[in-house]
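The values are calculated or read from the model by the stated rules, or taken from the named source; none is laboratory data. All of these numbers come straight from a predicted model, not from anything done at the bench. All Cβ positions, glycine included, derive from the backbone under ideal geometry; neighbour counts span all protein chains shown.
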Amino acid sequence: MDNETPSTPRGIVWASFVLSIVGVVISTYLVIAHYKGVTFFACPDQGLINCATVTTSAQSKFLGLPVSNLGLAFFLAMVVINSPWVWRRNSLLLDRIRAASLLSGMGFVLWLIAAELLIIDHICLWCTGVHVVTFALLIVVSRTWRSELFRRSN
């Protein structure tokens, strides 16, 4: 712990924690829908917006795993690392893991958006929810990077 570093503002801590929980909720719904084959709530199945087409496309799997499972694993990890109790540890290693995870997650989101728009030619509203939450989480947490991520370790 670096005592010279100010603690992370409570708003950032709680916003990152709540956004991570929202990501778990949406991802859980997508995982359930994937395995149960249920119709998506509030997502039309005709036209540009078509969750079923997106979530059953070839791009809905990565290395043989459903993307929804990867999203759920990502957000479960984010809930842990963005919990107020973990933020209190004020660890440079945790700050770097949090940053690397969010940058990787956002990179994957950009690939998924490109796949929806350029390959699948359909958009999933629930997937878009995950994309927005990931981006919001990146923005919220990146507000700490200047003071926390680049501090000197002892």
Quiz item: Which one of the conditions (1) free of Cβ contacts under 8 Å to residues at least 24 places away in the same chain; (2) touching a helix residue (DSSP H, G or I) at 6+ places or on another chain (Cβ under 9 Å) does Leu118 fail to meet, given that it meets all the rest?
Solution: (2)
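Can you name the residue in the range 100-145 that is closer than 20 Å to Pro44 by Cα and surrounded by fewer than 16 Cβ atoms within 10 Å (Cβ to Cβ) and, of all such residues, is nearest to the chain's Cα centre (by Cα)? Reasoning before the result, please.
Residues of the range 100-145 closer than 20 Å to Pro44 by Cα: 112-113, 115-132.
Keeping just the survivors that are surrounded by fewer than 16 Cβ atoms within 10 Å (Cβ to Cβ) gives 113, 117-119, 121, 125, 132.
Details: Ile113: 13, Leu117: 19, Leu118: 22, Ile119: 22, Asp121: 22, Leu125: 15, Val132: 8 Å.
It comes out as Val132.
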Quiz item: For the range 59-77, how many residues are of a type in the set (A, V, I, L, M), over 13 Å from Val109 (Cβ atoms) and in contact (Cβ under 8 Å) with a residue 24 or more places away in the chain?
Solution: 3
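Can you find a residue that is farther than 30 Å from Arg143 by Cβ, of a type in the set (Lys, Arg), at pLDDT 90 or above and outside any helix (DSSP H, G or I) anywhere in the range 67-90? If you could, list the steps in order and put the result at the bottom.
Step one: filter the range 67-90 for residues farther than 30 Å from Arg143 by Cβ, giving none.
There is no residue in the range 67-90 that is farther than 30 Å from Arg143 by Cβ, of a type in the set (Lys, Arg), at pLDDT 90 or above and outside any helix (DSSP H, G or I).
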Quiz item: What pairs come up if the first residue lies in the range 90-111 and is within 16 Å of Cys127 (Cβ to Cβ) and small (Gly, Ala, Ser), the second is surrounded by 13 or more Cβ atoms within 10 Å (Cβ to Cβ) and at pLDDT 95 or above, and their beta carbons are under 6 Å apart, counting only those six or more places apart or on different chains?
Solution: Gly105/Phe74; Gly105/Thr134
